[in-house]
Each structure stands twice: as C-alpha cells, then as structure tokens.
Amino acid sequence: MPKIQVLDQNTINQIAAGEVVERPQAVVKELVENSIDAKANAITVEIKSGGIDFIRVTDNGFGIDREDVPNMFLRHSTSKIRTAIDLINVSSLGFRGEALSSIAAVAQVELITKTKDSLTGTRYQIEGGKARDLEEIGCPNGTTLIVRNLFFNTPARKKFLKSPNTEAGYISDLMNRLAASHPHISFKFINNNKVKLHTSGNGNVKDIIYNIYGRDIAFNLIPVEAQKGDLKISGYIGDPKISRGNRSYENYFLNGRYIKSSLITKAIEDAYKPYTMNHKYPFTSLHIQIEPSLVDVNVHPTKLEVRFKNSDEIYEMIFDGIRGALRNKELISQVKLVEEKEEVKEIKNVAEPFEVNRRASQNPPIQNPSGHNLPSQSLGIEKPKDLSYVEKQVKEDQISQTEIGKLQELVSEPTKFIKEELEQLSFLTEESVKEHRIIGQVFATYWLIEFDEKLYIIDQHAAHEKVLYEKIMKDFKGKTITSQNLNPPIVITFSMREQEVLEQYFDEFKNLGFEIEEFGGNEYAIRAIPSDLDGLAQKDIFMELIDNLTGEVYNQEPDILIDKIATISCKAAVKGNQRLSTREVHELIGLLLELENPYYCPHGRPTMISLTKYELEKKFKRVL
Ligand code: ADP
Ligand code: MG
C-alpha cells in the first residue's frame, strides 16, 4: 500500500504555479497588477527573450515593509483581504495571495523595495521557493521585482512555451490592455532593449489608443457613454469600417480589470451586427463600472473570466450604449439613405402601374440571400440535403481543403451545385465557346449566355475570383510571381503580436511579392505588392492577411498560408474590378476553360448555373 503523505509547501506551490503562472505573460500580469494595487502611477516592464529569461517590473507604489517581505512569498499571504466576507466586496486586482508564492516556486526571483517611511530599502532573493538572502540596501521608493529563468526547475513546463517572439507578443498585448485600462498610470514596456510602448498617464484615453493602435484607429473612434443605476460604461468603439478579421481589437475592462465574457462579447457584436459584415469584429476599448458585489471575479485562477448576478441588465446596457452610439454616428448619412429609398419607390410606381393587379394576385416573391427577388424554383435550385453531398463532391472532384470548408458552410444555402450537369453539356470546351451567345450583364454581377437550348448565368465575381486564385497559386508554385513597387509605400501600424506574425511569415510574404520594411516604432512600410493586386485595396488585403494569421491559422503550414493569401487577395481583387466589357467576359470564359475545376470559386460557391429552355417554357405555362 502506498503511504499517504501531506505534500510539502514547495510542491503545493509548484502545483499552484501550474494554474497561475501559465506563461511569462501571466507573471507580468500578476506583477503589474500588484503594482497597480500598490497605487503606483508609473510602471516599467522590461523583458528579454519573451520574458522566459528575464522580467523586471518596477513601480513607484507604496513599497513593502522589511518584516513583511518573506511573508509575501508564502501561499495565501495577502494584504488585500482578511476574511472570506471581504471577497464579496473586493476591488483590488489581486486578492488570492497566490501569485508571488507561485512565481517564486518556479523561477529565480529578486525583490527590491522601499516604503516612503523607511530610510533604507530591502533586497530579497528567493529561488524555486527557497529563500536566499534578505539584506538592507539603498533604493528609491517603490518596488522592483525581477524574475529570471522561468520554469528553470520544471523543464516539462518550459517545453510548452512558444518561441520567445511569440511569448513577447503575448506580453505586448497584455501591456496594451493594461495601458488602455489605466489611463492615469504611465506605462513603459521595453522588449530586448527597445521601448515598445510608453504612455503618459495623463488620463486621456484617446492618446493611449493612438499610442497603441496608431493613427488609423485613433481617427475613427466613436465615444460611448451610458449609465443606468450603478452600472456605467464609457470609452470608445471603432467606426464599423475599421473592423478587423479577428477579435484581438475587441477589448473591454470591468472595474479596471481586463476580462473575457461571452455575455459582453455577444452584446457588443449583436449591437454591431447591422453595421458590419460577417466575421468582422469591431474595435472597442470600453470601461464597465459595476458594483463589485454584483460580480464574481473569483471563477478563474487568473481571474480572466467573471460571473454576473444581473446579466440581462448588463447585456442590455452594453447593447443599447453601443447601438445608440453607432446610430448617432449614422445620422448624417442616413438622411441621404431615406431620400434614395423614396426615389426608388417612386420610380417603381410610375414605371409599372399595369403590374399592380397581377402582382396582387401572386404570392409574394421569395427573397434570395443576395437580396434580389427571384420567383421560387426559377432555376430548379435545390438545397443540398446534408454533408454527404459535399463528401460526394470531394471524392469525385478532388477539390481543395479550402473549398471543402466553404462547401460545408454552404450546405445551408439555397444553391444547387450543377457541375456534373454542366460538364455533361460541355459548356466549357473550345468548341462550344464558339457557339456562346453573350446576351449581356444584369445586376452588375451576372452574365447571361445562351448556348445549346439553355441559358447560362455566370457569376462574374466568382469566376474572376477563381481565375485569379488559380493564377496566384500557379505563379507561386512556379516561382513566377512578380512585384509591383508602391510609391509612396503603404504605412501601417502593427501591434507586437502582428509584428511577430509578420516576421514569422516574412519569407512567404516575400515569395508572394510583398516587400515589407520596418518604418520606425510600430510602423511598417509596404513597398511592393504582388503585381496581380495592382490597383486594388492593397492595404485592406494586407490587414486581412495579418488578422487571419494572428487568429486561427497562426501555426499553420506554409502551403495553407499561401492558399489563404491567394484566397484573400483574389477576393479583394474581385471587389475592385466591377466593370467588365463583353470582350473581357470572352476572355474570362477563355481563362475558365483552362482551369481544372472552373465550376466553383475558391470559397466553394458555384461560378455558374444554368436554366433550360424547358424550365422557362414551364414557367410561362407553354408546357405543362
Ligand atoms: P495578492 O496580490 O493576491 O494579494 P500576491 O502574491 O500577488 O497576492 O502578493 C502578495 C502581497 O505582496 C500583496 O498582498 C501585497 O501586500 C504585497 N505586494 C506584492 N507586490 C507588491 C508591490 N509591487 N508593491 C507593494 N506590495 C506588494
Ligand atoms: Mg497579486
């Protein structure tokens, strides 16, 4: 029988460290929060090698008395609460008394501190939970904590850390959020001897946003201010047009603490819904004030997640606050919108008076997702029933992974894939192309073509996108991509995380034809772009790439990255090229001809559909 033993304190601390000190970022977070709790108004964070080798946090807070110093590093030692009852009303950032003991258990820690009432300061060292020295020294008021060689005694944990650059990126994100949530504190962040962030602490939130996120965001802010009883929100949200491809710019703070909450995220995104496209996330920097007893921050060891007592009220308040702010901003352009609508209505009534009776006798037309009114079943369109349909397509067509994903998304969409049919009819062969009769374009999108007793409808955007995608992929694989110089270059501000992505994928960007250079501070200059993208919204393309890479596909293989880049690039490319002449459509069809699978765009949407003469005749009740 194994003997039951009570674990020694050090082992307990190491286990606890697993919860609290997940990575260097968590150490910085705990140390800075302690500085904030110590009422510091200037905090400097310096890291080396992503904080794995070295973290130093210096504050001008109230310091620690010498006799308290060794106790700070004991588990559950805290000056912030005395009993469990205090937990209900806690407003300081830390209170569990776990951080320092956990950090000291897995690193080499040095503390230098002095209170203003004491003439001399104290220096204390503790390594892997073992106290080394306590000595008297001369130093300024405040506290400095140095954490060296994180996880030096727990190599298994160390192995799970990411590259120093990635870890530094996490810390940079954290510093940005800390600075944004504490406008009255001056923060300085130094990474490998370079100052990455320095805020003034003058209380001006807009200044801080400018400092962190750059000009583009700072010039597109909408203030938000709302209050309901004890609940209060204030801060800034971004104009919907600066929304991004992932949630890293969607930040909010609860009683000064950066938190994550699905409730708040939902309220924000719901409020933005009518103003943004799918999969776009707004910029927010919101401060939420709430009576501390109405929120439980003790749910998570690192206190990132919270639980609310009155969640409905909070949702409503945030939703209303943001929606109101967005609506106010819209007022100016809305006037024009109303006029336009009325105009359209009038024209309709004048142009088709004879239609009124016939319309009244018909069922209302079915609205298709693109917003155009199409009578139901007009194209004999059927909805694919389930995923087995997609799987079948995959087997037969060997379509790419991206396309599979997009097809799966589409299975709810009222579109029938008609590849087999089209192939049988050999619409796209050298011979049949000669017989195509191009009728014209409708809705600035669809080209109508008559061929062999059928009406073919080509989605110009989807087709163009497909052609471009294949071209970029082919150029890339054949290493025949050419660059186009930009003069002046595009200058973009990147967060450290984004800068790291930039560095990580630098070779791929270069191979694709992008030429990117540091431009001082957090700014980068894009001096050249792939020639295929010439004349397009290059900046948007680039930002979307970065957002994508910072988000889900962070650690993916280069090939998938290229696929991503090609997809995004050509999507944007198509947006830019609205008008095509008949000659250009001929060319487009010619290009489609050369593709292995011309029937789907890279997102899995069909590039063309067909309507038989028979179907038309049925509609007109010529045949039954
Ligand atoms: P907690 O913050 O949950 O109380 P910690 O382990 O983070 O627990 O810190 C333990 C105690 O050490 C704190 O309660 C505080 O009294 C003291 N302390 C830590 N850092 C500082 C600092 N920078 N300035 C002043 N006191 C500090
Ligand atoms: Mg603490």
* To do: Order the following by accessible area, largest value first: His586, His184. Probe radius 1.4 Å; ligands, DNA and RNA are ignored.
  => His184, His586
* To do: Give me the distance in nm between label points sitting 7 Å out from Cα along the Cα-to-Cβ direction at Leu486 and Asp452, one decimal.
  => 4.5
* Within the range 453-512, list the trypsin sites (Lys or Arg not before Pro) lying in a DSSP loop whose Cβ has at most 10 other Cβ atoms in a 10 Å radius. => Lys479
* Asked: If we restrict to alpha carbons, what Rg and Dmax does the range 215-334 come to, in Å?
  -> 14.1, 47
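Enumerate lysine pairs in the range 215-334 that are 8 or more residues apart or on different chains, then count those whose Cα atoms are under 14 Å apart. Could you put the intermediate results ahead of the total?
Details: Lys241/Lys273; Lys241/Lys280; Lys241/Lys329; Lys260/Lys303; Lys266/Lys280.
Lysine pair count for the range 215-334: 5.
Could you order Ile481, Ile449 by accessible surface area, starting with the largest, using a probe radius of 1.4 Å?
Working: Ile481 40, Ile449 0 Å².
The most accessible residue leads, giving Ile481, Ile449.
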* Taking the simple approach of a point 7 Å from Cα along Cα-to-Cβ for both Asn328 and Lys228, what is their distance in nm? -> 1.7
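What whole-number value in cubic angstrom gives the convex hull volume per residue for the C-alpha atoms of the range 9-198? Provide the component values of the computation, followed by the final result.
Numbers: hull volume 22.1 nm³, N = 190.
Measuring per residue, one finds 116 Å³ for the Cα hull of the range 9-198.
From the cross-link list Lys114/Lys194; Lys116/Lys188; Lys454/Lys621; Lys3/Lys158; Lys159/Lys194, which pairs have alpha carbons spaced over 19 Å apart?
Numbers: Lys114/Lys194 28 Å; Lys116/Lys188 23 Å; Lys454/Lys621 17 Å; Lys3/Lys158 30 Å; Lys159/Lys194 26 Å.
Result: Lys114/Lys194; Lys116/Lys188; Lys3/Lys158; Lys159/Lys194 exceed 19 Å.
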* Once the piece of chain linking Thr120 and Arg247 is laid out straight, how much longer is it, given 0.36 nm per residue of separation minus the C-alpha distance between them? -> 41.0 nm
* Asked: For the range 215-334, what % of the accessible area comes from carbon and sulfur atoms, probe 1.4 Å?
  -> 50
* To do: State the extension gain, in nm to one decimal, for the chain segment bounded by Phe620 and Glu503, taking 0.36 nm per residue of separation less the distance between their alpha-carbons.
  => 36.0 nm
* **Neighbour net charge for His436 - beta-carbon separation under 12 angstrom, K R +1, D E -1** => -2
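Please list 482-488, 165-171 highest first by mean number of surrounding beta-carbon atoms within 10 Å per residue.
On the way: 482-488: 11.4, 165-171: 22.3.
The peptides rank, most packed first, as 165-171, 482-488.
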* Amide H contacts under 5 Å for Gly256, placed H, 5+ residues apart -> Ile288
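The values are calculated or read from the model by the stated rules, or taken from the named source; none is laboratory data. Remember, it's a predicted structure, so these values are computed and weren't measured experimentally. A quick note on method: Cβ atoms are made from the backbone with ideal geometry, for glycine too, and the neighbour counts reach across all protein chains shown. Surface areas here come from the heavy atoms of the whole protein model, side chains and all, with no ligands, DNA or RNA. Shrake-Rupley method; radii C 1.70, N 1.55, O 1.52, S 1.80 Å.
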